[in-house]
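Worksheet for the structure shown next.
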Amino acid sequence: MKSICKILAGLGLIMVMVTGAQAQEQPNPDENRNEHLRRLVEQHTRTYVRAMRYNDYDAAKDALLQVVSAVPGNDSLLFNLSLLYYEMQKYPSALLAARDVLTLRPRHLGGLELAAMASENLGIREEALKHYETLYMETDQLEVLYKVAFMQFDLKRYNEARASSQIILDSSKADEVKMVFTLENDIDKEFPIKVALLNLKGMISEAEGNNEKARGYYQEALQIASDFPPARENLNKMK
């Protein structure tokens with residue numbers, strides 16, 4: 001899956017977001033109040049940028065939360081708050097903020113991905129699957145559909161997992177897609193998505209009690225990439 005966008009660190013970028021958020025607010029005749037709000041946002045924005053420069057995520061999170069509170073109803077600010085929570089491994093907070101993003105914009109791609117990943121880390125697999133499915137429908141990315149297939153397998157929805165896997169294998173784009181897996185020496189390496197799918201189909205067959213068919217899938221995956229860790233581990237377990 002394509003990596004999610006980096007946390008905003010530039011004053012110019014975040015001020016554009018804040019300006020856009022203020023434009024969404026209803027006109028307020030009280031100019032003093034508007035000026036106070038502008039100065040408040042600028043102050044917390046400067047704190048956020050400096051905290052990010054110093055890798056002080058706690059201070060950055062607090063400052064960004066203040067901006068979100070001062071300028072509510074802006075999906076860009078909420079998304080960046082959710083992303084910051086996720087980077088800090090505060091998955092419950094990341095999920096709650098991502099849900100708020102999706103309340104404002106149900107098809108927000110970043111919000112969908114964050115909601116899916118945070119749910120997955122929290123073990124809320126049904127919700128994670130729902131968000132991954134929506135994300136796939138919006139993006140048509142095969143990497144996302146692979147996540148869907150794997151989560152369907154985890155939820156023991158084997159027929160659905162098999163069907164999702166086959167959609168990827170039948171796609172004309174499948175040969176172009178690579179996925180990163182970690183080797184035994186902790187080195188990351190790219191493998192064709194077909195290898196991962198053959199391994200997944202082997203796992204599905206094994207879960208259904210068809211060990212012979214599972215062994216065939218694992219062996220087929222290793223014929224394409226002899227050092228693919230999951231297939232090799234799964235095949236060794238069967239021996």
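The values are calculated or read from the model by the stated rules, or taken from the named source; none is laboratory data. Please read these numbers as outputs of a predicted model, since none were measured by experiment. Quick reminder, even Gly has a Cβ in these numbers, built from the backbone with ideal geometry, and neighbours come from all protein chains shown. Side chains are part of the model used for accessible areas, which takes the heavy atoms of the whole protein and leaves out ligands, DNA and RNA. Shrake-Rupley method; radii C 1.70, N 1.55, O 1.52, S 1.80 Å.
Okay, here's what the table says:
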quantity: Only one of TYR136, TYR218, TYR132 that is farther than 30 Å from LEU102 by Cα, in a helix (DSSP H, G or I) and aromatic (Phe, Trp, Tyr); calculated: TYR218
quantity: Condition check for ARG38: part of a helix (DSSP H, G or I), over 24 Å from GLU127 (Cβ atoms) and of a type in the set (Lys, Arg); calculated: yes
quantity: The one condition in (1) in contact with a Gly (Cβ under 9 Å, 6 or more places away or on another chain); (2) among the basic types (Lys, Arg); (3) assigned to a loop (DSSP other than H, G, I, E, B) that ARG99 fails to fulfil; calculated: (3)
quantity: Count - residues of the range 174-215 that are touching a residue at least 12 places away in the same chain (Cβ under 8 Å), within 21 Å of MET151 (Cβ to Cβ) and either of a type in the set (A, V, I, L, M, F, W, C) or open to solvent by 60 Å² or more (accessible area, probe 1.4 Å) (or both); calculated: 20
quantity: Test: residue in the range 148-163 that is open to solvent by 10 Å² or more (accessible area, probe 1.4 Å), charged (D, E, K, R), out of contact with any Ser or Thr (no Cβ under 6 Å at 6 or more places or on another chain) and under 25 Å from PHE79 (Cβ atoms); calculated: no
quantity: Residue pairs meeting the criteria (Cβ under 7 Å; at least 6 apart or on separate chains; first closer than 11 Å to VAL148 by Cα, in the range 124-138; second aliphatic (A, V, I, L, M) and open to solvent by 60 Å² or more (accessible area, probe 1.4 Å)); calculated: LEU135/LEU109
quantity: Matching entry among ARG53, ARG99 (being open to solvent by 70 Å² or more (accessible area, probe 1.4 Å) and within 14 Å of the chain's Cα centre (by Cα)); calculated: ARG99
